[in-house]
Amino acid sequence: MTIEFTDIITSEAELRTIIPPPGEMIIKKAIPVIDEHCKAFIARSPFLLISSSDANGNLDVSPKGDPAGFVQVLDEKTLAIPDRVGNGRADTIRNIIETQNVGLLFLLPGKGETLRVNGTAKIVRDGWLREQLAYKGKSPDVAIVVTVKEAFMHCAKCVYRSHLWDAESQPDLQGLASLAQILVDHSKFNIDVNEFQEEIDEEYRDNLY
């Protein structure tokens, strides 16, 4: 069954009859560099989301996380993000190789505002940088180096609405399937779910770096 929609916005002119244009402050808040405020935010952030797309326009958003300050500000136009051990899909890396464009969203636990950074990226293997990004004695195989085009703070309304950092508002996780169960159901693999979950738990415990 196909859902049909009949009231669709197809132009910015039409959009602006519903959502007014932003004010001057909103337009001018975007800066082309990482200033001291952005640098301080990044130094405290343990988690970010990075968006990218391939040459055909297929989109991806991937999470990156490490102890606070894992993203290094090399200079006012350059960020370095370590690419830690993953599942081998390398979606972000493959997309960057194809199109270079990325968007970053930095989160800071307990703070409502987020930091957004847009720019271009390249995949770097320089030894000095990989050593600089090492954690627990292990250097990343590659680093994502971002050239900043614009950076700006995003207001806290969505975080306040979601109660994201409010422990008392966290949803009940009872009844959610385990990752192993979901992967088995999606992949149709004929494997034991409990044994598979044990392998996942072992991976989380022993192979973060």
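Among the numbered criteria (1) modelled with pLDDT of 95 or more; (2) farther than 23 Å from Ala90 by Cβ, which one does Ile182 miss?
Just one mismatch for Ile182, condition (2).
Provide a single number: the residues in the stretch 39-65 that are of a type outside the set (Lys, Arg) and closer than 17 Å to Val124 by Cβ.
Going through the stretch 39-65 one residue at a time, the tally reaches 2.
Tell me the residue from His163, His154 that is of a type outside the set (A, V, I, L, M) and touching an Asp or Glu at 6+ places or on another chain (Cβ under 7 Å), please.
After applying the criteria, what remains is His154.
Taking the stretch 60-71, which residues are touching a Phe, Trp or Tyr at 6+ places or on another chain (Cβ under 8 Å) and either over 17 Å from Val146 (Cα atoms) or open to solvent by 60 Å² or more (accessible area, probe 1.4 Å) (or both)?
Answer for the stretch 60-71, where residues must be touching a Phe, Trp or Tyr at 6+ places or on another chain (Cβ under 8 Å) and either over 17 Å from Val146 (Cα atoms) or open to solvent by 60 Å² or more (accessible area, probe 1.4 Å) (or both): Pro63, Asp66, Pro67.
Could you say which residue among Ala55, Ala80 is modelled with pLDDT of 95 or more and open to solvent by less than 40 Å² (accessible area, probe 1.4 Å)?
Only one candidate passes the filter, namely Ala80.
What are the pairs with Cβ atoms under 8 angstrom where one residue, in the stretch 179-194, is part of a loop (DSSP other than H, G, I, E, B) and the other, located anywhere, is open to solvent by 60 Å² or more (accessible area, probe 1.4 Å)? Sequence gap at least six, or different chains.
Phe189/Leu183
How do the pairs read when you match residues in the stretch 139-166 that are without any contact (Cβ under 8 Å) to a residue 60 or more places away in the chain with residues anywhere that are of a type in the set (Asp, Glu), using Cβ under 9 Å and keeping only pairs 6 or more apart or on different chains?
What qualifies is Ser139/Glu131; Pro140/Asp83; Asp141/Asp83; Val142/Asp83; His154/Glu113; Cys155/Glu113; Ala156/Glu113; Val159/Glu113.
Does Val159 meet the test of being in contact with a Phe, Trp or Tyr (Cβ under 9 Å, 6 or more places away or on another chain), at pLDDT 95 or above and either surrounded by fewer than 14 Cβ atoms within 10 Å (Cβ to Cβ) or not aromatic (Phe, Trp, Tyr) (or both)?
yes
Of the conditions (1) within 14 Å of the chain's Cα centre (by Cα); (2) open to solvent by less than 80 Å² (accessible area, probe 1.4 Å); (3) free of Cβ contacts under 8 Å to residues at least 12 places away in the same chain, Gly88 clears all except one; give me its number.
Among (1) within 14 Å of the chain's Cα centre (by Cα); (2) open to solvent by less than 80 Å² (accessible area, probe 1.4 Å); (3) free of Cβ contacts under 8 Å to residues at least 12 places away in the same chain, Gly88 violates only (1).
For the subset of the stretch 32-59 comprising residues that are polar (S, T, N, Q) and in a loop (DSSP other than H, G, I, E, B), which member is nearest to Ile144 (Cα to Cα)?
Restricting to residues being polar (S, T, N, Q) and in a loop (DSSP other than H, G, I, E, B), the top hit is Ser45.
Filter the stretch 114-134 down to the residues that are farther than 15 Å from Thr78 by Cα, open to solvent by 50 Å² or more (accessible area, probe 1.4 Å) and among the hydrophobic types (A, V, I, L, M, F, W, C) and list them by number.
Listed by number, the list holds a single entry, Trp128.
Restricting to the stretch 1-31, name every residue that is assigned to a helix (DSSP H, G or I) and under 30 Å from Glu76 (Cα atoms).
Within the stretch 1-31, Glu24, Met25, Ile26, Ile27, Lys28 meet the criteria.
Restrict the check to the stretch 97-109 and report whether at least one residue is at pLDDT 95 or above, loosely packed, with under 14 Cβ neighbours inside 10 Å and hydroxyl-bearing (Ser, Thr, Tyr).
No; the residues of the stretch 97-109 include none that is at pLDDT 95 or above, loosely packed, with under 14 Cβ neighbours inside 10 Å and hydroxyl-bearing (Ser, Thr, Tyr).
Which one is nearest to Leu105 (Cα to Cα) among residues in the stretch 9-45 that are β-branched (Val, Ile, Thr) and open to solvent by less than 100 Å² (accessible area, probe 1.4 Å)?
Ile42
Which of (1) surrounded by 17 or more Cβ atoms within 10 Å (Cβ to Cβ); (2) at pLDDT below 95 is the odd one out, the single condition Ile93 does not satisfy?
Exception for Ile93: condition (2).
The values are calculated or read from the model by the stated rules, or taken from the named source; none is laboratory data. These numbers come from a predicted model, not from an experiment. Ideal geometry is used to build each Cβ from the backbone, glycine not excepted, and the neighbour counts take in all protein chains shown. Accessible surface is based on the protein model in full, side chains and every heavy atom, while ligands, DNA and RNA are left aside. Shrake-Rupley method; radii C 1.70, N 1.55, O 1.52, S 1.80 Å.
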